[in-house]
Structures are given as C-alpha cells and as structure tokens.
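All of the numbers you see were taken from the coordinates with simple rules; none came from a lab. Because the structure is predicted, anything quoted here is derived from the model rather than measured. Cβ: placed from backbone, ideal geometry, glycine included. Neighbour counts: every protein chain shown.
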Amino acid sequence: MEIVTKIAPICLALIMLGLGLGLSVKDFTRILRVPKDFFVGFFSQLVILPIVALGIALILNLPAPIAVGLMIIAAAPGGVTSNVLTKFANGDVALSISLTAVVSLISIVSVPFVVITSADILGVTISSNISMTGIALKMALVVTVPVIIGMIIRGFAENFISSKINIVNKITGWLFVIVFAAIWIEEKDNILNYLAEAGLAVLILNVIMMTIAYFIAKKFVSGIAQQKCIALECGLQNGTLAVFVATLMFDQVDYMIPTAAYALIMYITGFIFIYILRKTN
C-alpha cells in the first residue's frame with residue numbers, strides 16, 4: 001500500500017482545506033441557537049455509531065483486522081458528501097455542515113480514543129510506538145490545521161471563495177475517488193476476497209445506523225429536515241480520514257478494507273435511503 005500511504009495524507013489535507021473554505025464562524029455559533037438538534041446528531045455519531053459497530057464486530061465474530069477496520073470507519077466524522085446528499089434529500093444543510101465541522105475537529109481526539117479502546121476490547125495489540133497523543137498530533141496536522149487555514153482564507157476573500165465553493169466541492173470529491181482508486185489498483189488481486197470478508201459487516205452497519213439515527217432524531221429533533229440530516233451524517237463517513245488513520249496505526253492492508261467497502265456501499269444505500277424518504281415524506 002505504498003502509494004496509498006503517500007497520497008492519503010496529502011488528499012486528506014486538501015479535502016479538509018476544502019471543508020474549511022466552506023465554513024464560517026456562523027457554522028459554529030448556529031449550534032447555540034438550536035443546541036438540541038446538534039447534540040442529538042453529535043451523540044448519535046460520536047457515541048451510538050461506534051457502539052453499534054463494536055456490537056456488529058462481536059456478533060459476527062469478524063477477523064481482528066476487519067473488526068478494527070470497521071471501528072476506524074465508525075469513528076470517522078461525516079464526510080463533505082454528507083452535506084451534498086443532505087441538500088439532495090431536502091434536509092437541514094446548515095445542521096449537516098455544523099456537525100461535519102465540529103465532529104471533524106474533535107476527531108483528532110475521538111478517533112484515536114475509539115480505535116485504541118476498541119482494539120483492546122477486540123484483543124488486537126497496537127504497537128508500543130503508537131500513542132493516542134502521537135496519533136492526535138499527526139491527525140491535527142492534516143485535519144485541524146488545513147480547516148483553520150481554509151477558514152482564514154475564506155475570511156479574507158469570502159465573496160470570491162463563496163462563488164467558487166461548488167468547484168472546491170467537486171475537487172474534494174475527486175480527491176476522495178483518487179485515494180480509493182489507489183487502494184483498488186494496488187489490491188486488485190485480493191479485492192473480491194476483502195469485500196467478501198467486510199462487505200456484509202459494513203452494509204449492516206450502514207443500514208442499521210442510518211435507521212437508528214433517523215428514529216432517534218424523530219423522537220428528539222425539530223422536524224423532518226433535521227431527521228434526514230442526522231441519518232445521513234451517521235451514514236456517510238470521511239473515508240479518506242479513515243484510510244489515513246489506518247495507515248498511521250497499522251501496516252496491514254486488511255485494516256483499510258472495511259473503509260474501501262464502506263465507501264462503495266454508503267453511496268448506494270444513501271441514495272436508496274433518500275429515495276425512500278422522498279416517497280414517504
């Protein structure tokens with residue numbers, strides 16, 4: 001996975017820069033105006049999603065690398081594409097952007113914590129050279145710093161950046177494709193075996209989590225637009241970040257396979273989910 005190891009940090013940093021270019025201070029202050037909607041999405045993504053993933057890994061008795069790989073994608077924040085699909089679903093795009101922004105920034109702590117803790121539960125030994133602090137610092141360089149730089153650039157040229165944000169989103173989408181194309185090219189001889197191992201688990205995780213998030217949101221949030229947002233935010237993860245974490249912490253490609261499988265499945269299930277919502281609401 002030499003190519004993936006080299007390009008994943010660069011592509012992730014550029015994707016997070018693109019996220020920052022689309023953010024403003026109001027995306028964070030909005031949380032204070034409707035805190036309950038935000039907290040329901042935040043709790044669903046940071047707490048319920050990893051718990052559900054761990055339960056699936058244990059129930060299916062997944063091989064250790066696949067199980068930990070499932071936890072990595074479950075710990076990842078929502079991707080920029082969750083904002084796009086939320087818009088397509090007529091969901092609350094502002095809430096989606098706020099959730100993506102805050103959870104992405106917190107991910108430098110939450111992701112290492114979830115992965116290291118779950119690896120211990122699953123009986124996977126992590127190298128003594130890897131620490132939560134070390135992973136957090138490395139993630140900060142390619143996650144937090146680019147987001148802040150992007151926000152600063154937007155602050156100095158807001159009108160220009162706002163007019164070009166659709167182009168930025170398209171570029172970040174292609175960067176995502178590049179990372180996963182590299183995985184598939186480098187592992188083309190083994191990819192079907194990997195999908196057979198991880199495909200069912202990631203499909204179950206994706207479908208169950210979007211359903212759980214939707215009905216939790218139905219109970220607690222303001223309306224249907226917020227329900228759609230939270231369900232999609234819990235079903236569309238930042239796969240590039242997950243690949244980057246896997247390359248930081250593990251040498252085996254097996255740990256990246258759930259992410260590669262999830263990246264394919266989440267768009268299919270996401271559009272099916274949106275179709276069902278449009279038919280029933």
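Tabulated data for the structure shown
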quantity: The range 33-183, dipole about Cα centre (Lys/Arg Cβ +1, Asp/Glu Cβ -1), debye to the nearest 20; calculated: 320 debye
quantity: Prolate/oblate/rounded call for the range 191-281, Cα gyration tensor, a/c under 1.5 rounded; calculated: prolate
quantity: Options Gly18, Val221, Ala53, ranked by Cα towards positive dipole end of the range 2-280, top entry (Cβ charges); calculated: Val221
quantity: Cα lying deepest toward the dipole's positive end in the chain, options Leu192, Tyr255, Ser96, charges on Cβ; calculated: Ser96
quantity: Per-residue ³J(HN,Hα) for the range 33-43, Karplus 6.51 cos²θ - 1.76 cosθ + 1.60, θ = phi - 60°, Hz, x for Gly and Pro; calculated: 7, 10, x, 5, 4, 5, 5, 4, x, 4, 5
quantity: Length added when fully stretched, Ala196-Arg278, from 0.36 nm per residue minus Cα-Cα; calculated: 26.4 nm
quantity: Charged-residue dipole, Cβ positions (Lys, Arg, Asp, Glu), the chain about Cα centre, Debye nearest 20; calculated: 1140 debye
quantity: Length-normalised contact order of the chain in % [C-alpha pairs under 8 Å, at least 6 apart]; calculated: 36 percent
quantity: Label selected from (i) 40; (ii) 34; (iii) 54, the criterion being percent of Cα pairs over 27 Å apart as computed here; calculated: (ii)
quantity: Per-residue ³J(HN,Hα) for the range 73-88, Karplus 6.51 cos²θ - 1.76 cosθ + 1.60, θ = phi - 60°, Hz, x for Gly and Pro; calculated: 5, 5, 7, 5, x, x, x, 4, 5, 5, 5, 5, 5, 4, 5, 5
quantity: Per-residue ³J(HN,Hα) for the range 239-251, Karplus 6.51 cos²θ - 1.76 cosθ + 1.60, θ = phi - 60°, Hz, x for Gly and Pro; calculated: x, 5, 5, 4, 4, 4, 4, 4, 5, 5, 9, 9, 8
quantity: Long-range amide H partners of Gln237 with built H, under 5 Å; calculated: Gly79
quantity: Most fluctuating residue given options Ile204, Ile116, Ile97, as computed from a GNM of the chain linking Cα atoms under 10 Å; calculated: Ile204
quantity: Contour minus Cα-Cα distance for Thr29 and Phe43 (0.36 nm per residue); calculated: 3.2 nm
quantity: Spin-label pair Lys218/Ile167, simplified geometry with 7 Å Cα→Cβ offset, distance in nm; calculated: 4.3 nm
quantity: Theoretical ellipticity at 222 nm over the chain - DSSP helices of four or more residues, -39500 (n - 2.57) apiece, nearest 500; calculated: -27000 deg cm²/dmol
quantity: Pair Phe156, Leu137: separation of 7 Å Cα→Cβ label points (nm); calculated: 2.8 nm
quantity: Distance between modelled label sites at Phe113 and Ile59, nm, 7 Å Cα→Cβ extension; calculated: 2.6 nm
